[in-house]
């Protein structure tokens, strides 16, 4: 590659990077400006951050929303990782034609949008008197076809010789999974953790339907409430969006390296 093509490539990639980062920069700047400045398209940081924060906590229960979102996302992520990894491991290690049929049905379920099953799910949980409970929030998401497929693909790279050796040494099947499979697949678990946590944290539609009390408010619901007034305070709104974004950004950057390795290993 000559110098001209190389320079053009770097310029193109730089422009794409700036375009990708600009919405985040604009959100951060808008969180520090007055609503009128945001409406005017001001692109430099202001000095109104503290006032926007005071207005936000005065109008919304920010601490409760943060706690509910963090608790729901953390518990759901842990349960989902355990259930889906067990299912993916079982589909691959204990392989037979019957399991292939069940797995094909699971993959078919990926094509059904959640909006199509939301009303039947709500009616079912309503009859079971589980509305406004964490169980109703988590049950539709603790096992997803995508996560099961991801762990099944990762299980294909797990050496079967190790499993046979462990069985000869007297290690139980559960022991093989917890003491050998999980430590070996740390990168896959990290990738699944990021995806599951982000989906659970950003989930708006189902919590809005099934969690109907003010005490159950989550961060996406809080951000939506900021848009429900007759006059929208865009500075306060952008600050709410920024606060809602920070936890997922921290999780992603903390597991970034393992995420790349896990995704690569899962699709080999």
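The values are calculated or read from the model by the stated rules, or taken from the named source; none is laboratory data. This structure is a prediction, so every number in the text was calculated from the model and none was measured. Using ideal geometry, Cβ is built from the backbone for each residue, glycine included, and neighbour counts are taken over all protein chains shown.
Some observations on this one:
- Matching residues in the range 204-216 - criterion: being in contact with a helix residue (DSSP H, G or I) (Cβ under 8 Å, 6 or more places away or on another chain) and surrounded by fewer than 22 Cβ atoms within 10 Å (Cβ to Cβ): 204, 205, 206, 207, 208, 209, 211, 215, 216
- Test: residue in the range 2-17 that is part of a loop (DSSP other than H, G, I, E, B), touching a helix residue (DSSP H, G or I) at 6+ places or on another chain (Cβ under 9 Å) and either within 23 Å of residue 234 (Cα to Cα) or at pLDDT below 90 (or both): no
- Residue in the range 30-48 that is crowded, with 16+ Cβ neighbours inside 10 Å, under 23 Å from the mean Cα position of the chain (by Cα) and in contact (Cβ under 8 Å) with a residue 60 or more places away in the chain present: no
- Within the range 122-137, restricting attention to residues that are in a helix (DSSP H, G or I) and more than 21 Å from the chain's Cα centre (by Cα), the residue that is surrounded by the most Cβ atoms within 10 Å (Cβ to Cβ) is 125.
- Of all residues in the range 165-178 being closer than 23 Å to residue 81 by Cα and touching a residue at least 12 places away in the same chain (Cβ under 8 Å), the one that is surrounded by the most Cβ atoms within 10 Å (Cβ to Cβ): 176
- Only listed residue being touching a residue at least 12 places away in the same chain (Cβ under 8 Å), assigned to a helix (DSSP H, G or I) and exposed (fewer than 14 other Cβ atoms within 10 Å of the Cβ), chosen from 162, 105: 162
- Qualifying residue in the range 34-41 (condition: outside any loop (DSSP other than H, G, I, E, B), within 27 Å of residue 187 (Cα to Cα) and in contact with a helix residue (DSSP H, G or I) (Cβ under 6 Å, 6 or more places away or on another chain)): no
- Summed over the range 42-72, residues that are over 14 Å from residue 219 (Cβ atoms) and part of a helix (DSSP H, G or I) total 9.
- Among all residues of the range 221-236, there is none that is more than 28 Å from residue 139 (Cβ to Cβ), assigned to a helix (DSSP H, G or I) and out of contact with any helix residue (DSSP H, G or I) (no Cβ under 6 Å at 6 or more places or on another chain).
- Among all positions in the range 190-197, there is no residue which is in a helix (DSSP H, G or I), over 20 Å from residue 73 (Cα atoms) and out of contact with any strand residue (DSSP E or B) (no Cβ under 8 Å at 6 or more places or on another chain).
- Residue 53 vs. criteria surrounded by 11 or more Cβ atoms within 10 Å (Cβ to Cβ), free of Cβ contacts under 8 Å to residues at least 12 places away in the same chain and under 19 Å from residue 245 (Cβ atoms): no
- Some residue of the range 144-155 being touching a residue at least 40 places away in the same chain (Cβ under 8 Å), under 23 Å from the mean Cα position of the chain (by Cα), closer than 30 Å to residue 217 by Cβ and outside any helix (DSSP H, G or I): yes
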